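One structure below.
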Amino acid sequence: MEITYADVAWLAEDYALGDVWCLTFVWGLDEPEALRRIGAAEGSIRPLTYEESNDEGLFPDTVLAGRLGGWTVLIEIGWWQAIGREALRALSTATEVVSVLRHDHATHNFVYARDGKTVTSFNPMIPAWRYGSDPDRLVDAMRAAGFDPGHAPGDEDDDENVDHPTVDGALLLAVRLTRVVLTREVVYGPLLGGVVRSPA
C-alpha cells in the first residue's frame, strides 16, 4: 500500500487534536506496557475514548493508547511526555519509537529512537539541524517525505517562496516508517488511557 499525504492530511491541516499534541509509535509493546513505560499510574489505566477524555477534562495528564498491527500509538493532547529523556529511553528500550510533536506556539519535533537512545531528532522547520547517535539515518526517507535535509531558514539559497514541509512532512515520515495510518475512527474510537502527571 502506497502511503501519501492524503493519509495524514486530516491531522496535519485540521485542528482535529488541537494545536499542541504528540503522537508516539512504539513497536512491539501492548497498550498497558507502553502506558506503564511512559509513567502511567497502574491504577489509572482504563478504557477511554478521546471524546470522553476531552469532555471530562482529563487532558493533558491522560495519555491514550491504541494498538495497530505491531505498533502501539500513544496520543497526548496538550503535552509531550513521551519525548522527555527518561520516558523516551524507557519506551525505546529493546525496541524502537517514532514520535511527532506538533506545537504551534513553540517548536515542532520529530524523533526516532531505538534501544534506549535517540537515533535522530529534528525540528521539521529546520531539517538541516539534526541530532542523535546517527542523525543522517533517515535522510533518504526525509527526502521522500518532501524534506530537504540541508534546509535551514535563512540560508543563502533559501527560497522564501517555496513551501517547505513541517508537521505534515513529519507525520508522513512517521507513517511511512511505521506503516501505521491513523484514521479518525482509530483516534476517536475505544482506546486505553492512563494518567501521567504533567510537570507544573
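The values are calculated or read from the model by the stated rules, or taken from the named source; none is laboratory data. Since the model is a prediction, treat every value here as computed from it, not as a measurement. No Cβ is skipped: glycine too gets one built from the backbone with ideal geometry, and neighbour counts run over all protein chains shown. Side chains included, ligands, DNA and RNA excluded: accessible areas come from the protein's heavy atoms. Shrake-Rupley method; radii C 1.70, N 1.55, O 1.52, S 1.80 Å.
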Original post:
With the Cα gyration tensor of the range 65-131 giving a ≥ b ≥ c as the square roots of its eigenvalues, does the rule (a/c under 1.5 for rounded; else a/b larger than b/c for prolate; else oblate) give rounded, prolate or oblate?
Top reply: oblate
Subject >> Protection proxy ranking of 119-127, 55-63 - average other beta-carbon atoms within 10 Å, highest first >> reply: 119-127, 55-63
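Suppose all protein chains stay in the model; what accessible area per residue would a 1.4 Å probe give for the chain, in Å²?
On the way: 9550 Å² over 200 residues.
Roughly 48 Å² per residue, with all protein chains present.
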**OP:** Give, rounded to the nearest 20 debye, the magnitude of the charge dipole that the chain has about its Cα centre when Lys and Arg contribute +1 at Cβ and Asp and Glu contribute -1 at Cβ.
**Re:** 1020 debye
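Can you give the helix-only mean residue ellipticity at 222 nm for the chain, where every DSSP H stretch with n ≥ 4 adds -39500 (n - 2.57) and the sum goes over all residues, rounded to the nearest 500 deg cm²/dmol? Could you put the intermediate results ahead of the total?
Numbers: 7 runs with 50 residues, N = 200.
Mean residue ellipticity at 222 nm (helix-derived): -6500 deg cm²/dmol.
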